[in-house]
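*Asks:* Below is the structure I would like to discuss, written out as structure tokens.
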Ligand SMILES: Cc1cc2nc3c(=O)[nH]c(=O)nc-3n(C[C@H](O)[C@H](O)[C@H](O)COP(=O)(O)OP(=O)(O)OC[C@H]3O[C@@H](n4cnc5c(N)ncnc54)[C@H](O)[C@@H]3O)c2cc1C
């Protein structure tokens, strides 16, 4: 098998790399982000958000933002190799994969392309791309997380509108969002998976209250969102009434594919190898310690396996809508990411507990921030336990949980 790239692909990579390096230096490089964010979605600092928006606009104007979307809806309809090059180059610098509008570009836009009406596509997709309308995802509720189908936020039909009442929680980026895909119960008598509908909701509608939740990092990226008689036009229903579960699963699978491709594990590993040259472990330079060397070798193998899993997901994505196999990359990426952060913690010991601006903090405290964030990412988009269940039941055909 020939794994080499064509001259055209190499030219694409070179141009993209130069573009990304310029953006990295101008927008993120020297200053970094002020926020110690779990992910780019969670940036709290307004100046950081503005830089992220500027990055988004530049990515869009340069034609790189939604390479995976079809051309007729503003994407590039790119082939899997081009997409792989894009991912590799973005990960190489640890930049945000989809600008500031990740939720729209990686999952809601593709869902609307797959299952929305033509009117919905024409209305919503262009402004997702330009970043004029930022999106969030209203799924989880206080009593419906892993068991999402137990959700209770209700929508009752009143003429040309749904009237929505209830509460969502853990809604990333809700406070910056203009629109949201919202899961609501439209039939309380049907079996729980059959009474759910998927709505597109204007977040500036009367009756919506957004309250920030402060994370352990001090960031305020999550929110509780309350809906009090919020009127949503009926034309904002995606798919059939009461058939929203299928639509919601499509969004989740796109989200998990993206979750398997966004973590710059190889870059983090390189950084950690650099750290091992500067610190001691077990009374000797860490990079000479056999235990450390063995761990680093193991992570290198896993990082390469993750890269190949990412490529495989891209090949599959070109052929069909994502299925339960999307859980695999998400699980692999977030678990490696977590174990890497745990190993950094073991390596640095008490130094990893120092506040980012303390004397003695290693790498500006990035590894302790990473540890906190890495745990959260194994929960977002469905916890690791749930991904194990999906892989066991739906791919391996094991008995139900
Ligand atoms: C960083 C981050 C971003 C998020 N962003 C959003 C967002 O934008 N929009 C949104 O709607 N939600 C969001 N969430 C919420 C996320 O989807 C839920 O936290 C997740 O689905 C888990 O639900 P829960 O928190 O209610 O935990 P629970 O469902 O209560 O789970 C508690 C524990 O029990 C385990 N468990 C539950 N059921 C089973 C089972 N059947 N088998 C084995 N173990 C089980 C879980 O794995 C977990 O360890 C986000 C979460 C995080 C961490």
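*Asks:* If you scan the stretch 338-348, which residues turn out to be over 23 Å from the mean Cα position of the chain (by Cα), without any contact (Cβ under 8 Å) to a residue 40 or more places away in the chain and surrounded by 15 or more Cβ atoms within 10 Å (Cβ to Cβ)?
*Replies:* 345
*Asks:* Given the conditions (1) within 15 Å of the ligand (Cβ to nearest atom); (2) buried (at least 16 other Cβ atoms within 10 Å of the Cβ); (3) over 18 Å from residue 235 (Cα atoms), report the number of the one that residue 150 does not fulfil.
*Replies:* (2)
*Asks:* Right, something else. Inspect all residues belonging to the stretch 216-236 and state whether any of them is loosely packed, with under 14 Cβ neighbours inside 10 Å, within 20 Å of residue 120 (Cα to Cα), at pLDDT 95 or above and touching a helix residue (DSSP H, G or I) at 6+ places or on another chain (Cβ under 9 Å).
*Replies:* Within the stretch 216-236, one or more residues are loosely packed, with under 14 Cβ neighbours inside 10 Å, within 20 Å of residue 120 (Cα to Cα), at pLDDT 95 or above and touching a helix residue (DSSP H, G or I) at 6+ places or on another chain (Cβ under 9 Å).
*Asks:* For the condition within 16 Å of the chain's Cα centre (by Cα), touching a residue at least 24 places away in the same chain (Cβ under 8 Å) and within 28 Å of residue 191 (Cα to Cα), what is the one hit in 150, 146, 136, 177?
*Replies:* After applying the criteria, what remains is 136.
*Asks:* Also, I was wondering about something else. List the number of the failed condition for residue 106; all other conditions in (1) closer than 23 Å to residue 333 by Cα; (2) in contact with a helix residue (DSSP H, G or I) (Cβ under 6 Å, 6 or more places away or on another chain); (3) surrounded by fewer than 17 Cβ atoms within 10 Å (Cβ to Cβ) hold.
*Replies:* (3)
*Asks:* How many residues are on the phi < 0 side of the Ramachandran plot and part of a loop (DSSP other than H, G, I, E, B) when one looks only at the stretch 103-142?
*Replies:* Residues that pass the stated criteria total 8.
*Asks:* Can I ask one more? Here is a list of conditions, (1) farther than 20 Å from residue 252 by Cβ; (2) within 13 Å of the ligand (Cβ to nearest atom), and residue 135 meets all of them except one; can you say which number that is?
*Replies:* Here residue 135 clears every test but (1).
*Asks:* Just for the stretch 349-379: of the residues that are in a loop (DSSP other than H, G, I, E, B) and surrounded by fewer than 18 Cβ atoms within 10 Å (Cβ to Cβ), which one is nearest to the ligand (Cβ to nearest atom)?
*Replies:* Filtering the stretch 349-379 down to residues in a loop (DSSP other than H, G, I, E, B) leaves 354-361, 378-379.
Right, trim to surrounded by fewer than 18 Cβ atoms within 10 Å (Cβ to Cβ) and you get 354-360, 379.
Numbers: 354: 24, 355: 22, 356: 20, 357: 24, 358: 26, 359: 31, 360: 29, 379: 4 Å.
That would be 379.
*Asks:* Going through the stretch 150-186 one residue at a time, which ones are assigned to a loop (DSSP other than H, G, I, E, B) and touching a helix residue (DSSP H, G or I) at 6+ places or on another chain (Cβ under 7 Å)? It would help to see each step written out before you state the result.
*Replies:* First, the residues of the stretch 150-186 that are assigned to a loop (DSSP other than H, G, I, E, B): 151-153, 159-160, 169-173, 177-178, 186.
160, 172, 173 - these are the residues of the stretch 150-186 that are assigned to a loop (DSSP other than H, G, I, E, B) and touching a helix residue (DSSP H, G or I) at 6+ places or on another chain (Cβ under 7 Å).
*Asks:* Quick check on my filter: what residues within the stretch 93-113 are more than 16 Å from the chain's Cα centre (by Cα) and at pLDDT 95 or above?
*Replies:* Within the stretch 93-113, 112, 113 qualify.
*Asks:* Looking only at the stretch 180-192, which residues are touching a residue at least 40 places away in the same chain (Cβ under 8 Å) and surrounded by fewer than 16 Cβ atoms within 10 Å (Cβ to Cβ)?
*Replies:* Result: 187, 190.
*Asks:* Return the pairs, sorted by first residue and then second, in which the second residue is near the ligand (Cβ under 8 Å from one of its atoms) and in a helix (DSSP H, G or I), the first residue lies in the stretch 368-383 and is touching a residue at least 40 places away in the same chain (Cβ under 8 Å) and assigned by TED's automatic domain parsing to the domain that holds residue 348, the beta carbons are less than 7 Å apart, and the residues are 6+ apart or on different chains.
*Replies:* 378/384
*Asks:* So which strands (runs of 3 or more DSSP E) are wholly in the stretch 196-296 and hold at least 3 residues that are without any contact (Cβ under 8 Å) to a residue 60 or more places away in the chain and farther than 29 Å from residue 335 by Cα? First the steps, then the outcome.
*Replies:* Details: elements: 196-202, 208-213, 222-233.
Correct list: 196-202, 208-213.
*Asks:* Among (1) farther than 27 Å from residue 213 by Cα; (2) more than 10 Å from the ligand (Cβ to nearest atom); (3) over 23 Å from the mean Cα position of the chain (by Cα), where does residue 401 come up short?
*Replies:* Against the list (1) farther than 27 Å from residue 213 by Cα; (2) more than 10 Å from the ligand (Cβ to nearest atom); (3) over 23 Å from the mean Cα position of the chain (by Cα), residue 401 comes up short only on (2).
*Asks:* Please work out if residue 169 is at pLDDT below 95 and within 13 Å of the ligand (Cβ to nearest atom). Step through it out loud before you land on a result.
*Replies:* Details: at pLDDT below 95: no; within 13 Å of the ligand (Cβ to nearest atom): yes.
Answer is no for this residue.
The values are calculated or read from the model by the stated rules, or taken from the named source; none is laboratory data. Fair warning: this is a prediction, and the values are worked out from it, not measured in the lab. When we count neighbours, we look across all protein chains shown, and the Cβ atoms used for this are built from the backbone with ideal geometry, even at glycine.
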